[in-house]
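The values are calculated or read from the model by the stated rules, or taken from the named source; none is laboratory data. This is a predicted model, so every value here is computed, not measured. Cβ atoms come from the backbone with ideal geometry, glycine included; neighbour counts cover every protein chain shown. The protein model used for the area step is the full one, side chains on, heavy atoms only, and it has no ligands, DNA or RNA in it. Shrake-Rupley method; radii C 1.70, N 1.55, O 1.52, S 1.80 Å.
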Amino acid sequence: MRFVPEYPEYVAAAVFAVGGIISALPAPHRFSTAVLFCLAVTSTGLGVAARGTEGHGTLDVVLAVAALLVALVLGLLLVTDGLLLVRRYGPQPVPLASGTAGCAVLAVLGLDAVFHAVGGEVLRALVVAVNATAGYLTLLFLVFTGYVIVRGRRAPLPGTTHVVVLGAGLHRDRPGPLLARRLESALAVDAPGAPSTQGVVFVVSGGQGEDEVRSEADAMADYLRARGVAADRIVRENRSVNTGQNLRFSVALMDHSDPGHRATVVTSNFHVYRTTLLASRLGVPVRVVGAPTSPAYWLAATLREFAAVLWLDRLPLIGLSLLLAVPVATAIFWR
């Protein structure tokens, strides 16, 4: 065992941090960069927790209390948000996921309480592994939330000629509140200058869902017409069923009619980050901006986007995340 470092969790943290720095140099907003830095912070926390009696007991207590408060607040927020949304919209996937995630966070705190009451080496190992995983995912979600907030405040592309509005669910045959906010934000991008200024072209993008009576593009076009937009300034893209298709099909229409277009894509603020990632991977030259979202819906929707981004890069992100097993194992067995 002489070749094992005295503080292996800190060595792992240093390796993760260096990897994060290298990853950040070419692409600071790459999500794998956030994953590596979160692994570094989690590994450091494991080292402090596992060796709290070796010279930094006070720091151990401070970090433990801070982690407890963050987990408690986040868990209660998610559960409360999920209950409010279920009451308003019914048992739909997004509010149910929010409530379930909150219950999971609170369950981790309950496991900690049981361990402190009962003790035992086997339960200790379980608590270390569960706390490390939960802490890592919570930290990663908080960092992702920061990404969402920053990206959601981007301004439209200067000199925009086309505004692409991404579809969302309809309320009967009309845009629902989420989609209406996107359309109002799109209208705000329109040229506010003199009457002689040529207005932008609106590309309304969205097909017809299985539970919808018409395409989202048609509903959006009617909304814009009712708000005074001329029919010749509205282009309908009514085939897409997901964000990637929204982008590809809309850009194809713009390339055909106006190859020199400058496009701004409007979606909800919680959806900007993932849309920007998809646009970059598809090679679509657009600026993505966000429309405001109801505070009650924003947290649950951001949680859904977090899961979607993890799924988008599932293989490399899962591979990186599994490296957390190394500092967890040393915290459990190397004492």
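At 0.36 nm per residue, and after removing the present C-alpha to C-alpha distance, how many nm does the segment from ARG124 to ARG225 gain when stretched out fully?
Numbers: separation 101, 0.36 × 101 = 36.36 nm, distance 6.34 nm.
Contour length minus the Cα-Cα distance gives 30.0 nm.
On C-alpha positions alone, give me the angle between the axis of helix 243-257 and the longest principal axis of the chain, in degrees, nearest 10.
Result, in degrees: 30.
Modelled label-to-label distance, ALA308 and LEU142, 7 Å Cα→beta-carbon offset: nm?
Between ALA308 and LEU142, the label points sit 2.5 nm apart.
According to a simple spin-label model (label point 7 Å from Cα along Cα-to-Cβ), what is the distance in nm between VAL86 and HIS116?
Going from the HIS116 label point to the VAL86 one covers 2.8 nm.
Of PRO158, PHE141, SER185, which is farthest along the charge dipole of segment 137-260 in the positive direction, counting Lys and Arg as +1 and Asp and Glu as -1 at C-beta?
PHE141
Could you work out how far the C-alpha centroid of segment 64-123 sits from that of segment 205-248, in angstrom?
Here the answer is 38 Å between Cα centres.
What does the highest-first list of 34-42, 284-292, 169-177, 114-122 look like by mean Cβ count within 10 Å?
Values: 34-42: 23.4, 284-292: 21.2, 169-177: 15.0, 114-122: 9.8.
Those peptides, ordered most packed to least, come out 34-42, 284-292, 169-177, 114-122.
Would any residue of segment 267-310 have its amide N under 18 Å from a label point 7 Å out along Cα→Cβ of ARG30? List them or say none.
Those under the cut-off are 274, 276-283, 309-310.
In square angstrom, what is the accessible area per residue of the chain with a 1.4 angstrom probe?
Working: 17280 Å² over 335 residues.
Result: 52 Å² of accessible area for each residue.
Out of all DSSP beta bridges in the chain, what portion is antiparallel? Express it as a percent rounded to 5.
Numbers: 2 of 21 bridges.
If I count the DSSP bridges inside the chain, around 10 percent turn out antiparallel.
Counting only protein heavy atoms and a 1.4 Å probe, tell me what percentage of segment 250-312's accessible area is made up of carbon and sulfur. Let's see the in-between values first.
On the way: 1530 of 2490 Å².
Ligands and nucleic acids excluded, carbon and sulfur reach 61 percent.
May I ask for the angle, rounded to the nearest 10°, between helix 8-24 and the longest principal axis of the chain, with both axes built from Cα atoms and the value confined to 0 to 90°?
The angle comes out near 20 degrees.
With the calculation restricted to Cα positions, what are the radius of gyration and Dmax of the chain in angstrom?
When restricted to the Cα atoms of the chain, Rg and Dmax are 23.8, 79 Å.
For a quick size check, give me the Cα extents of segment 60-149 along its three principal axes, largest first, whole Å.
So the three principal-axis extents are 45, 28, 18 Å.
Test of understanding: express the Cα radius of gyration of segment 206-335 as a ratio to 2.2 N^0.38 Å, with N the residue count.
Values: Rg = 19.9 Å, N = 130, 2.2 N^0.38 = 14.0 Å.
Relative to the 2.2 N^0.38 Å estimate, segment 206-335 comes out at 1.42.
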